[in-house]
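To start, the structure itself, in structure tokens.
Please treat every number below as a calculation from the coordinates, not as lab data. Treat the numbers as computed from the prediction; the structure is a model and nothing was measured. Using ideal geometry, Cβ is built from the backbone for each residue, glycine included, and neighbour counts are taken over all protein chains shown.
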Amino acid sequence: MNPVPQTPSRTSPKSPGGVIVPHAPRWYQRLAAWLVFATARAVSATLRCSWTDRSGLFKGSCAEPVIFCMWHNRLALTMKAYYGFVRKRSHTAGLAAMVSASKDGALLAAILECFKMQPVRGSSSRRGRQALLELTTWAERGYVLAITPDGPRGPCYQVQEGVMSLAQITGLPIIPFSYYLHWKLRPRTWDRFQIPLPFSRCEMILEKPLYVPREASDAERDALRQQLEQTLKSISED
């Protein structure tokens, strides 16, 4: 999810001014999104969750936005984490998450809208710079940001540059987030996406914040990127 502009796909729609327009959800994707939403709510209600918060940001009344960073295969319980822990301990305006501008991303965007989240459409291959600017705007409005650093196509468990650029521009701390599901399904997708099974135990982890200084050099940014990658791997037992 690297917001660096590249040559757009020929299938990506454009406005008359040449700006890449994200694929809007079709009616059947909105129907599928509602079914996923209802199923996720039902399964999440049965989970037995424990929390390890090493960030230190949610012990009081946190009012500042942050950037939550989680692997793509941990997306299933992002809303559970936000509503079940973060929202109860903060006064942020909401959550804005980066979602691919592709046709597949339209389904995820529709799911986020069901959860009353704000999808921001973009990736390394489409609409990257525009998405970065939009995320910055949502942060200025007091929204928490969320990004999957190895999405939308991988490689799995490799942090791309986008989250570092976002943290450097906004000055917000990156909070590595992950969880371990005791019972789950893992389809044969590129990221081995984790689907929680009902009544599973789930261990949620928020790690210490990582800051990217505005004046950081390329070498310093890369060192911080590797540090973030190692931290996420260390809290992501498969």
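May I ask you to derive the FRET efficiency for Trp183 and Val21 from their Cβ-Cβ distance with R0 = 41 Å, giving the value to the nearest 0.05?
0.50
Please compute the modelled spin-label separation between Lys233 and Glu220, points set 7 Å along Cα→Cβ, answer in nm with one decimal.
Here the modelled spin labels are 2.5 nm apart.
Counting other Cβ atoms within 10 Å, keep those with at most 11, restrict to DSSP loop, and tell me which trypsin sites (Lys or Arg not before Pro) in the range 50-102 are left.
Within the range 50-102, the qualifying trypsin sites (Lys or Arg not before Pro) (loop, at most 11 other Cβ atoms within 10 Å) are Lys59.
How much mean residue ellipticity at 222 nm does the chain get from its helices, if each DSSP H run of length 4 or more adds -39500 (n - 2.57) and you divide by all residues, to the nearest 500 deg cm²/dmol?
Roughly -9500 deg cm²/dmol at 222 nm, from the helical runs in the chain.
My understanding is that a pair violates if its Cα-Cα distance is over 23 Å; which of Lys59/Lys208; Lys80/Lys184; Lys59/Lys116 do that in this structure? Could the numbers behind the result be given before it?
Details: Lys59/Lys208 13 Å; Lys80/Lys184 16 Å; Lys59/Lys116 25 Å.
From Lys59/Lys208; Lys80/Lys184; Lys59/Lys116, over 23 Å: Lys59/Lys116.
Starting from the Cα gyration tensor of the range 92-141, take the square roots of the eigenvalues, sort them a ≥ b ≥ c, and report rounded, prolate or oblate (rounded when a/c is under 1.5, otherwise prolate if a/b is larger than b/c, else oblate).
Oblate shape, in that a/c is at least 1.5 and b/c is the bigger or equal ratio.
Placing +1 at every Lys and Arg Cβ and -1 at every Asp and Glu Cβ, with all other atoms neutral, what dipole size does the range 46-200 have around its Cα centre, in debye to the nearest 20?
Charge dipole, the range 46-200, about its Cα centre: 440 debye, nearest 20.
Name the chymotrypsin sites (Phe, Trp or Tyr not before Pro) in the range 32-128 that are in a loop by DSSP and that have at most 10 other C-beta atoms within 10 Å, would you?
The qualifying sites: there are none.
Of Gly151, Trp27, Phe193, which is farthest on the positive side of the dipole of the chain, counting Cα position, with +1 on Lys and Arg Cβ, -1 on Asp and Glu Cβ, and the Cα centre as origin?
Trp27
Check the straight Cα-Cα distances from Lys233 and name the aspartates and glutamates below 13 Å, setting aside those fewer than 8 residues away within the same chain.
Asp150, Glu207
With an 8 Å Cα cut-off and a minimum separation of 6 or more residues, compute the relative contact order for the range 125-193 in percent.
Once normalised by length, the contact order is 27 percent.
For the chain, evaluate the Debye formula with one uniform point scatterer on each Cα (no solvent term) and list log10 I(q)/I(0) at q = 0.09, 0.13 Å⁻¹, rounded to two decimals.
Treating every Cα as an identical point scatterer, log10 I(q)/I(0) equals -0.35, -0.77.
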